[in-house]
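Quick notes on the structure that follows.
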Number of protein chains: 2
Amino acid sequence: MQSDDGDEDTGHDEPAPKGTTLQERVYAELREAIMLGRFRPGEAMTIRGLADSLGTSMMPAREALRRLVAERALDLLPNRRVTVPTMTGEMFEELTEARVALEVLAARRAFPATDPAFADRLEAIDLEQDAAIEARDWALYQERNRAFHFELYERAPGRVLMPMIESLWLQIGPFLYLTRESLGRTYMEDRHKEAVAAIRSRDEDALALAIEQDIRDGMGGLPALIADQNAEGKSVEAVG
Amino acid sequence: MQSDDGDEDTGHDEPAPKGTTLQERVYAELREAIMLGRFRPGEAMTIRGLADSLGTSMMPAREALRRLVAERALDLLPNRRVTVPTMTGEMFEELTEARVALEVLAARRAFPATDPAFADRLEAIDLEQDAAIEARDWALYQERNRAFHFELYERAPGRVLMPMIESLWLQIGPFLYLTRESLGRTYMEDRHKEAVAAIRSRDEDALALAIEQDIRDGMGGLPALIADQNAEGKSVEAVG
DNA sequence: ACCGCATTACTGTGATCACATTGTGAGGCG
DNA sequence: CGCCTCACAATGTGATCACAGTAATGCGGT
């Protein structure tokens, strides 16, 4: 598990650290895992442990962790310990409001750059999302949902809004895995179709409304699940 | 610890790294300098240079720089070079919209936690700001303006909105120094008084409107100044 | 058997070194 | 005289080591 022979990493399929730094690969991998809910909230992450599990030295793991802390994806306890944030109902509500404020703004800014062709592409993504629901493929469903939103927001140029929105999604990520069982009952795809229709009919306000309601619908059921998880997890991680 | 004479840094007066890490001191110092506009946009910052100027090793400087990059306070060029961001009119407009969206939301969330006593404190800050204008003390003026806003926003609990707002202020910081000469013509203190009045009359919408207009007023004149600075700076930093 | 304390293992922080890449300058060739 | 090329300096990245604080553990005392 050591990097003695150069750029080959053990057990993975990344071809080469060419053009990208090792730290960035670690960061990307961690970021993905966090967004997919691979880590349990409250779980502690150590520099050496992460470095070992990825076959690198401490340095890349260290910088990746600190970067994710700076982006609020991970929590830095006063003990200098880095953990996956534990979500509370209030924080989730705050994240929802922030998402609405920023993503509605991003959608409005993207609106002038949309056209029928783009609406088609968005619709295609939404159809794939519907298919993911049919197939009960939760990971694909999340991925396509993310693609739908970001494809829209990226339509507007600028490097201010997108990083902040990504940070919000990153903060929500660790708790999104709680929605796995409730996949069937989701009805937010309606909002996506409303958004596409709004683009086609050149109605910016309707687009903004669709995005806002999509966010609120999707986030609405989470606090209860968080309460559940906190209640059931109390016996397990009460040690911390 | 062998930087000639131990843990003393050269030329500064920080007493001791007690309770706080060295990296955090470097970060705080850099952050303050950026907010105060001590660095010229486009200026490159090297790890070793920063480390030397602060009398530390590369490591704290390195992590502080990367953290500020993660917070969008500094720019990471594809050359892996860290520079003070160069602002464009479009980006400034984007920052303004993001500020309005987030800070209005923060003000609304803070509103229920406000009372007459808090309004008095806010008014006191605003009076100090007025005094700073009279005294032509630009630095104090900026500091009191920041205090006014953050005092209000911090009234609401939560750890989501504040870091994002701070990041926005950090991104604006490097260009705020352009407003030094135009201090006398500012009229945004009216908005602050409107905000205080809105709190006293328990009018949340009026508070939100006052904050929004305060932001727009304060940011409105900047793009022209940015254009000026770009035009005059072209002969100097055209080398980049 | 339980509680208090000292020892041990572990973690983050800071420093130093080695290397690859990039930027810069001088010198040679057309 | 201008452009290209090569060498040198500087920078970021990654690795390793040393130290300090903290949590976990084992031991002895009551």
Residues of the stretch A:141-181 that turn out to be under 20 Å from residue A:211 (Cα atoms) and assigned to a helix (DSSP H, G or I), as a count: 28
The lone exception for residue A:46 - which of (1) at pLDDT below 95; (2) under 27 Å from residue B:21 (Cα atoms); (3) more than 10 Å from chain B (Cβ to nearest Cβ) it fails: (1)
Residue A:100, sole failed condition from (1) touching an Asp or Glu at 6+ places or on another chain (Cβ under 8 Å); (2) open to solvent by 20 Å² or more (accessible area, probe 1.4 Å); (3) assigned by TED's automatic domain parsing to the domain that holds residue A:158: (2)
Residues of the stretch A:39-75 classified as more than 12 Å from DNA strand D (Cβ to nearest atom), closer than 20 Å to residue B:162 by Cα and open to solvent by less than 70 Å² (accessible area, probe 1.4 Å), total: 7
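The rows are residues; the columns are (1) closer than 24 Å to residue B:66 by Cβ; (2) under 16 Å from the mean Cα position of the chain (by Cα).
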{"site": "A:62", "(1), (2)": "yes, no"}
{"site": "A:68", "(1), (2)": "yes, yes"}
{"site": "A:77", "(1), (2)": "yes, no"}
{"site": "A:80", "(1), (2)": "yes, no"}
{"site": "A:106", "(1), (2)": "no, no"}
Residues located in the stretch B:72-122, provided they are within 13 Å of another protein chain (Cβ to nearest Cβ), in contact (Cβ under 8 Å) with a residue 12 or more places away in the chain and among the charged types (D, E, K, R): B:72, B:93, B:99, B:103, B:108, B:109
Yes/no for residue A:156 being small (Gly, Ala, Ser), in contact (Cβ under 8 Å) with a residue 40 or more places away in the chain and open to solvent by 10 Å² or more (accessible area, probe 1.4 Å): yes
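The values are calculated or read from the model by the stated rules, or taken from the named source; none is laboratory data. What you see is a predicted model; the values in this text were computed from it and never measured. Virtual Cβ from ideal backbone geometry, glycine too; neighbours counted across all protein chains shown. All accessible areas refer to the heavy atoms of the entire protein, side chains included, with ligands and DNA or RNA removed. Shrake-Rupley method; radii C 1.70, N 1.55, O 1.52, S 1.80 Å.
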